[in-house]
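Undergrad: Got a structure for you, questions after.
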Amino acid sequence: MKLEKFLAQLTEAPGVSGYEGQMGDLVGQAFSPYVDEVRKDNLQNLIALKKGSGKNCPSIMLAAHMDEIGLMVLKIEEKGFLRVTSVGGVDERTLLSQEVTVHGKKPIIGIIGAKPPHLQQPDERTKSIKMHDLYVDCGFSEEKIKELVRVGDLITINREFTQLHKSKAAAKAMDDRAGVALILETLKELQYLKHSIDVYGVATVQEEVGTRGAFTSTYGIMPDIGIAIDVGHGHMPGILNKEDTMEMGEGSGIGLGPHVHPKIRKKLTELADELKIAYQIEPSPSPRGTDAYAMQITRSGVPTALISIPLRYMHTSVETLDLEDIKSAARLLANFIARIDHEFVEGLKCF
Amino acid sequence: MKDLIKRITEVFGPSGQESKVVELIKAELEGHVDEMYVDIMGNLIAHKKGPGKKIMFSAHMDEIGFMVTHIEKEGYLRFTNIGGHRPWTLKGLRVIFDNGVIGNIDCHSDTKPNELNYDKLFIDIGAKDKAEAESMVKIGDSCGFYNSTLANGQRMIGNSMDDRIGCVILIEAAQQVKSSPNDIYYVFSVQEEVGLRGAKTSAYRIHPDMGVALDVTPTGDTPEGAKLNVKLGDGTAIKVKDASVIAHPLVKNFMIDVAEKNNIKYQLEVLTAGGTDAGAIHLTKEGIPSGTISIPCRYVHSPSEMVDLNDVKACVELVKGMVAIDIAQILD
Amino acid sequence: MLLKRLTEAAGLPGIEDEVRNLIREEVKDLVDEMRTDALGNLITFKKGKIDGPVVMLAAHMDEIGLMITYIKDNGLLNFKPLGGIDPRVLVAKKVLIGPDRVPGVIGSKPIHLQKSSERKDAIPLSSLYIDIGAKDEDQAKELVKIGDGVVFDTKFSEIGEGCVKGKAFDDRVGCAVLIELLKRDITLPLYAVFTVQEEVGLRGASVAAYDLDPAPDLALAFEGTTASDVPGMKEHHYSTSLGNGPAISLMDSSLIANKQIVQGIVEVAEENGINYQFRRTNFGGTDAGRISLTKEGIPATVISAPCRYIHSPISMMNLNDYNSVIDLTEKYLQKIAKGGFSK
């Protein structure tokens, strides 16, 4: 499936943390032509295996999370208004006046509303609206909505995948369906390359609530190398200075910090230089925030690295990125995989 | 049941000091399970053997408390917290040590309530001076709230309902369940209040196919209270999400089905903060489908936690209903 | 002197190479086995003369410091903290950057040029930078790279009565304790594990503990821990006091200490007339916490040498406390070698 089409399909479908079942099915279908096995584990991580040509060969796990942040029904109030809470890190200020789908017995449309500005005090208008003051209005009576919606039902923002200028695109949940798409692109590239090692492509669950799926899927696979693929902050006007961001369209980021094994990073950057694949260095002193955090400290430890796709407006419904960054990073990863052997893997435990 | 609740909530057992609770539960379960043992961390594990898959229930024995860090020359005790307290609620509360010494918490006299923190609080055990205090307690000793547990009709008030009431539910269920298609582990865990620690190591050892925590949950039914769905007296609460776990859809739906088929009064719970043993269990090894049965409880982490006996009974029925069904059917 | 060599070496979270190489040299003739793992933990094993109990001793190699994150057009370097650092301790310090130990200084605007309102507030991290004397980006790039670690340039020496000063006492002091214990005649099978990445979230310890075979029956972590017996603090705020002996942990944010171990150590201290204290706060996490929750659980606690001003470029420790940590631990290990340890 073409990258744009796959990403459109994934980002438009719902898959809030803890409820990734349908998302896993979509990913599994897309991966299956390129892999030998597809399975789901106990927490619904989608695990695909493309076997290597070697005997007793080492393995690499590529992990990108398929869950997205979202909202959940906290309470059904009089007149049928739904009070909500967030699943994952939602910025309340991006929610006002969004059109949403409430995933009840059947999907129903809702609008995120709050007290009208006309009726607010002047000083209220300059303040952000808090989550507990927002509500979802579905236009149903209390009686009727209680037949359709229960406490704990999920809510996602309605947003069509949109192609912007040239290779740029915007959608909800690019974080981290773009990473899942990068795995698919890597698997496609690998069709034309010989690789001796086993390749696990894992669409992980529950990253947004604490990299939970990465802990359990890594435990099950116990790869020799783990590569987390996630999105990183793209440069934009405003508070972020250049040092904390990457340029969209100039290649994906290669992470640098305690969560990244120095030898894997070195090999990735050397290979990128050799193949003339654009990349950026993304320094990060904190190991937190991506699946690499969990993968690295599973069981007796996994040598890990991090690939970041530059993305603007993270954790909003208009996450924007450059598709070329995904394609170039996929080429890099596929070639990296093709060049790994026993000797390289053995060396990762020698400090 | 009222008697058991009173006895078990009045037993001493801050995190790390659960052995008296272990003794009480062991005596209650004697003859009702196939084996019981205490593991390295101090968890009490009661195993009722069955032919099928393993289901692990976990309720924690530990309560929040305090640890003595310093003894003043006048005999007052300085302390720090074990688990989550709100320091501004502590003034005037009574505490008890393992050896029976009781004391009263008070604060520096010029402190405004909203400025209260552990630096400004102390415990008075009535000692004349440091030497006498040291003969009664030592630095490093822990204490917990000291209150009688009282019943007012179907409502009971006392400290440590969090989570001895969960222990009571497992005890009652274990006493009533004579056989099950499942291999049942009732785990009475330690150190939940300081980070779900006992559940983590016991789940690793048992490696169950399904995990279920039993713990209290705050309610939204008090004046100008939190916007929460759960009400005291509205039945057992089936958790959808808290900060530690998103209940596995299979387990959540299993609980709902059992409740509906057995006419057990239930409500759905979404909690924006907090965690239970399920948070640790579900991330064990390759992941374990897990959920939580919550007991509605007002004033959680205060010395007067209130539960409704009808809710408690509904929780017991839900546990019994779950173990009556072969969980292999649910998990496939 | 071992403490001097260890504390003057660089070892940052994820960049522990210099310290690891130094420790490897120090212990190579003292142990039977030695290896590194996927994260860079240095795991050594001394078989001993009896089968058990098997003990894991742990200390972390990493110290808090900085990481170069950006090289500016004008040759100045931006950085971010590696581990928990109070930005107020950074102003006007000498630092060493990267594997080649390139010297630099952390600059700030002179007092003459500050507005009086500026002087009231702490200088935020975002306005601090490192000056290595490069005139532009190209010159700077010849000397340093993005991702290079930065340590404070602090010399170790004796100070006052029986005290020493230096950097990275948290936790080179623990590393030194482990090395000294390996030199003693201890009959138990002993793992001395030098862990990585403690300062960024206790990441090395559980990984190191996971696959040890034979599995440890108990674990002791060693730390240079906060001593708060300083002006401005009341006695009940003292977490530990300098000169009052080894500090035994009962509880921290990651651990409730195993009672049997604590009781054993206290008995040994009292039998041998060794001064000791309890660490009297529940603040801060340690490798012992992570080790204690590995697999089915490993009984553990922490023994610390009190150090004033840790997590800053310079800290102070009493040598008696340090030596007593080693003696107390040796005697405790001998005691359980004879009397055993039942979980």
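Undergrad: Per DSSP H run of at least 4 residues, take -39500 (n - 2.57); add these up for the protein assembly as shown, divide by its residues and hand me the 222 nm value, nearest 500 deg cm²/dmol. Walk me through the numbers on the way to the answer.
TA: Numbers: 27 runs with 279 residues, N = 1026.
Value at 222 nm, helices only, nearest 500: -8000 deg cm²/dmol.
Undergrad: When we measure straight from the Cα of C:Lys49, which aspartates and glutamates land under 18 angstrom away, once same-chain ones fewer than 8 places off are left out?
TA: Excluding near neighbours in sequence, the set is C:Asp29, C:Asp32, C:Glu33, C:Asp185, C:Asp213, C:Asp217, C:Glu330.
Undergrad: Pairs of alpha-carbon atoms within less than 8 angstrom and 6+ residues apart define the contacts here; what relative contact order does region A:208-290 have, in percent?
TA: Details: 70 pairs, mean separation 24.5, N = 83.
Relative contact order comes out at 29 percent.
Undergrad: Percent relative contact order of region C:65-152, based on C-alpha pairs within less than 8 angstrom and at least six residues apart?
TA: Numbers: 163 pairs, mean separation 40.3, N = 88.
Computed value for region C:65-152: 46 percent relative contact order.
Undergrad: Can you compute the charge dipole magnitude of region C:26-174 about its Cα centre, using +1 on each Lys and Arg Cβ and -1 on each Asp and Glu Cβ, nothing else charged? Give it in debye, rounded to the nearest 20. Present the calculation step by step, with values, prior to reporting the outcome.
TA: On the way: 22 positive and 24 negative charges, 92 e Å.
Its charge dipole is roughly 440 debye.
Undergrad: Here is a further query. Round to the nearest 0.05 the FRET efficiency obtained for A:Asp137 and B:Ala226 when R0 = 30 Å and r is the Cβ-Cβ distance.
TA: Details: r = 22 Å, r/R0 = 0.73.
It comes out at approximately 0.85.
Undergrad: Give me the distance in nm between label points sitting 7 Å out from Cα along the Cα-to-Cβ direction at A:Met236 and C:Asp185, one decimal.
TA: 6.9
Undergrad: Hey, another quick one. If a paramagnetic tag sat 7 Å from the Cα of A:Glu78 along the Cα-Cβ line, which residues of region A:115-148 would have the backbone N under 13 Å from that point?
TA: From region A:115-148, the list is A:142.
Undergrad: Name the most mobile residue of B:Glu74, B:Glu18, B:Glu172, meaning the one with the largest mean-square fluctuation, in a Gaussian network model of chain B with Cα contacts below 10 Å.
TA: B:Glu74
Undergrad: Lys pairs in region B:12-129, Cα-Cα under 12 Å, at least 8 apart or on separate chains: how many? Write out the running numbers ahead of the final one.
TA: Values: B:Lys73/B:Lys128; B:Lys91/B:Lys112; B:Lys91/B:Lys120; B:Lys112/B:Lys120.
The result is 4.
Undergrad: Of C:Glu137, C:Glu161, C:Glu198, which is the most mobile in a GNM of chain C whose springs link Cα atoms less than 10 angstrom apart?
TA: Answer for the Gaussian network model of chain C: C:Glu161.
Undergrad: Using R₀ = 25 Å, calculate the FRET efficiency as 1/(1 + (r/R₀)^6) where r is the Cβ-Cβ separation of A:Asn158 and A:Arg125; round to 0.05. Intermediate results must be reported in sequence, preceding the final value.
TA: Working: r = 26 Å, r/R0 = 1.06.
E between A:Asn158 and A:Arg125, to the nearest 0.05, is 0.40.
Undergrad: Residue separation times 0.36 nm, minus the C-alpha to C-alpha distance between A:Lys168 and A:Ile109: what's the value?
TA: Working: separation 59, 0.36 × 59 = 21.24 nm, distance 2.84 nm.
The A:Lys168-A:Ile109 span can extend by a further 18.4 nm.
Undergrad: Hey, another quick one. Within 10 Å of each Cβ of C:36-46, how many other protein chain Cβ atoms are there on average? Don't jump to the answer; show the numbers that get you there.
TA: Working: counts 4, 6, 16, 12, 9, 3, 1, 1, 0, 0, 0.
Taking all residues of C:36-46 together, the mean is 5.
Undergrad: If you average over every viewing direction, what projected area does the convex hull of the Cα atoms of region A:83-137 give, in nm²?
TA: Values: hull surface 16.9 nm².
Its average projected convex-hull area is 4.2 nm².
Undergrad: When only Cα pairs under 8 Å and 6 or more residues apart are kept, what is the percent relative contact order across chain B? The partial results should precede the final answer.
TA: Details: 813 pairs, mean separation 75.3, N = 332.
Result for chain B is 23 percent.
Undergrad: With axes computed from alpha carbons, what is the tilt in degrees of helix B:19-29 against the longest principal axis of chain B, rounded to the nearest 10 within 0 to 90?
TA: It is inclined by approximately 30 degrees.
Undergrad: To make sure I understand the rule: partners must be aspartates and glutamates, Cα under 19 Å from the Cα of C:Lys80, and not fewer than 8 residues away in the same chain. Which ones qualify?
TA: Here the aspartates and glutamates satisfying the reach criterion relative to C:Lys80 are A:Glu243, A:Asp244, A:Glu282, C:Glu16, C:Asp62, C:Glu63, C:Asp131, C:Glu137, C:Asp148, C:Asp153, C:Glu198, C:Glu199.
Undergrad: Continuing with this model, one more query. For region B:65-145, what does the convex hull of the Cα positions come to per residue, in cubic angstrom? Please list the in-between numbers first.
TA: Details: hull volume 6.4 nm³, N = 81.
Cα-based convex hull of region B:65-145, divided per residue, equals 79 Å³.
Undergrad: Oh, and also: May I ask for the percentage of alpha-carbon pairs in chain A that lie more than 37 Å from each other? Write out the running numbers ahead of the final one.
TA: Details: 12705 of 61425 pairs.
Value for chain A: 21 percent of Cα pairs lie more than 37 Å apart.
Undergrad: Please list, or write none, the aspartates and glutamates whose alpha carbon is within less than 13 Å of the alpha carbon of A:Lys266, excluding same-chain residues fewer than 8 places away.
TA: A:Glu274
Undergrad: Enumerate the residues in region B:133-169 having an amide nitrogen under 17 Å from the point lying 7 Å beyond the Cα of C:Glu235 toward its Cβ.
TA: Residues B:133-140 qualify, since their backbone N sits under 17 Å from the label point.
Undergrad: Taking chain C as the reference, fit the longest principal axis to its C-alpha atoms, fit the long axis of helix C:169-183 to the helix C-alpha atoms, and give the angle between the two in degrees, 0 to 90, nearest 10.
TA: Helix C:169-183 and the main axis of chain C meet at about 40 degrees.
Undergrad: Between C:Leu2 and C:Asp86, what is the FRET efficiency for a Förster distance of 41 Å, r being their Cβ-Cβ separation, to the nearest 0.05? Display every interim value, and only then the final one.
TA: Working: r = 28 Å, r/R0 = 0.69.
Taking R0 as 41 Å, the efficiency between C:Leu2 and C:Asp86 is 0.90.
Undergrad: Only residues of region A:194-215 count here: report those whose backbone N is under 19 Å from the spot 7 Å along Cα→Cβ of B:His207, or say none.
TA: Only A:215 fall inside the zone, counting backbone N under 19 Å.
Undergrad: Among B:Gly75, B:Gly65, B:Gly233, which one moves the most in a GNM of chain B with springs linking Cα atoms closer than 10 Å?
TA: B:Gly75
Undergrad: Calculate how large, on average over all directions, the projected area of the Cα convex hull of region B:209-250 is; give the answer in nm² to one decimal.
TA: Values: hull surface 15.1 nm².
Approximately 3.8 nm², given one-decimal rounding.
Undergrad: While we're here: Any idea which of B:Val22, B:Thr276, C:Thr187 is furthest toward the positive side of the dipole for the protein assembly as shown, if Lys and Arg beta-carbons carry +1 and Asp and Glu beta-carbons -1?
TA: Towards the positive end, the residue furthest out is B:Thr276.
Undergrad: Which whole number gives the average, over all residues in B:80-88, of C-beta atoms from other chains lying within 10 Å of the residue C-beta? Let's see the in-between values first.
TA: On the way: counts 6, 2, 3, 1, 0, 0, 0, 0, 0.
Mean partner-chain Cβ count within 10 Å for B:80-88: 1.
Every read-out reported here was derived from the displayed coordinates using simple, explicitly stated rules and does not represent laboratory data. Keep in mind the model is a prediction, meaning the values are calculated, not measured. Please note: Cβ atoms are built from the backbone with ideal geometry, for glycine as well, and neighbour counts cover all protein chains shown.
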